[in-house]
1. Enumerate the lysines that Lys298 could reach by cross-link, defined here as Cα to Cα under 18 Å, with residues fewer than 8 away along the same chain left out.
2. Tally Lys/Arg at +1 and Asp/Glu at -1 over every other residue whose Cβ is under 9 Å from the Cβ of Lys265; what's the total?
3. Across 10 Å bins from the origin, how do the percents of Cα pairs in the range 90-222 run, short distances first?
4. Carbon-plus-sulfur fraction of the accessible area of the range 223-359, 1.4 Å probe, in percent?
5. Is the C-alpha gyration tensor of the range 221-359 telling us rounded, prolate or oblate? Criteria: a/c under 1.5 is rounded; beyond that, a/b larger than b/c is prolate, otherwise oblate.
6. So for the range 222-359, averaging the separation of alpha carbon pairs under 8 Å that are six or more residues apart and normalising by length, what relative contact order in percent results?
7. Return the long-range amide H neighbours of His183 (sequence gap of 5 or more, or a different chain), with a cut-off of under 5 Å between placed amide H atoms.
8. Counting only protein heavy atoms and a 1.4 Å probe, tell me what percentage of the range 114-166's accessible area is made up of carbon and sulfur.
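The values are calculated or read from the model by the stated rules, or taken from the named source; none is laboratory data. What you see is a predicted model, and the numbers here were worked out from it, not measured in a lab. Cβ placement follows ideal geometry from the backbone for every residue including glycine, while neighbour counts extend to all protein chains displayed. The protein model used for the area step is the full one, side chains on, heavy atoms only, and it has no ligands, DNA or RNA in it. Shrake-Rupley method; radii C 1.70, N 1.55, O 1.52, S 1.80 Å.
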Amino acid sequence: MSQLKIESCALPAAASALPLRAPAPLTVRLASRALPLSLSLPPSLSLSLSVYKKVPASAHHVHCVARQAEEDGDGAQPAEEAHGGGGGHGGRERTEDEQVANTMDKLFVSFGLEILKKVPGRVSTEVDARLSFDKEEMVAKALRLIALYEEAGIGKERVLIKLSSTWEGIQAGKELEEKHGVHCNMTLLFSFAQAVACAEANVTLISPFVGRILDWYKENTDRKSYEPHEDPGVVSVTKIYNHYKKFGYSTVVMGASFRNTGQVKALAGCDLLTISPGLLAELSQDHSTVKEMLSVEKAKACDLEKIHLDEKAFRWQHNEDRMAVEKLSDGIRKFAADGIKLETMIKVRRGRGFPPKEV
């Protein structure tokens, strides 16, 4: 029987109102969003642990985690700590925008630090999606986040910087990996062109979204159901995995955003998978044999051609994939909207008596 390697656990929005407060540290993901259960959570985000068999080795968190804590005003310590230290900068007083940006950075890292107290592996911290088309700013923000982790005693080897898989984001990942030894997790990945560019950039990990690809095809074509082996998301990740293993790329493939157990089992053998508690519960009751669908040996035997993509070729090939273009832009817009909401809440919170302290 093949073993499904689990990188982290994910919680679909439909399961977000379970009645029990979690007594142990795990990561839940609300749609594309993750929340560390080791923190004090509002009741609407509590979770029963009955479906869990072990604590995940690594965890993922993005900026909407911090936004949820701010929005609920639940008194989580990391949020309070992050509101301090936003004042002076280089001998001058920070502008309000600079203070808010500084608070957001500290808030993200504070949540990451809480997660890292409970998991032995790494945590992903996402760079603001509004920087998705600015390589230099993404690099600068990533190094800022890493510096904050290091100030707190956490080495960069325990952090994955999460970047949008635009051309600029991929090149930012390449620079962070090559020049600074910072590991990157490339997200919002939907096209083969994105995957090839990430492999050539030698980034640490990619997160292709199986379920979101299926969603698009169901919404935009006449076909509403697929067998697992012909599921568009499964086909996409299988092609990426085979290409990586066939040509010896070191970038890890972590399938994400699953909609059913058939998708999960169809990718058994993939480097890593991130699976929701609901699907884990279903799998725990499934006593059928899980066959290894992906392997290095099978990939090596595939009749594939190695390709190289410069910027022009990347942009053209990605543009030819309507699904990927639409899902990437939609994901960036939604992540950016979360960032704007968080900024607004921080400004409101500061106005209610939580001003940043001078540093």
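1. Lys239, Lys245, Lys246, Lys265, Lys306
2. Details: positive: Lys291; negative: Asp286.
That sum, taken over residues with Cβ under 9 Å, equals 0.
3. Histogramming the range 90-222 at 10 Å steps yields 12, 38, 32, 14, 3, 0, 0 percent.
4. 53 percent
5. On the way: a/c = 2.16, a/b = 1.55, b/c = 1.40.
Note, shape of the range 221-359 comes out prolate.
6. Values: 94 pairs, mean separation 29.2, N = 138.
Worked out over the range 222-359, it gives 21 percent.
7. Result for His183 returns Ile161.
8. Working: 1050 of 2130 Å².
Carbon-and-sulfur percentage of accessible area, whole number: 49.
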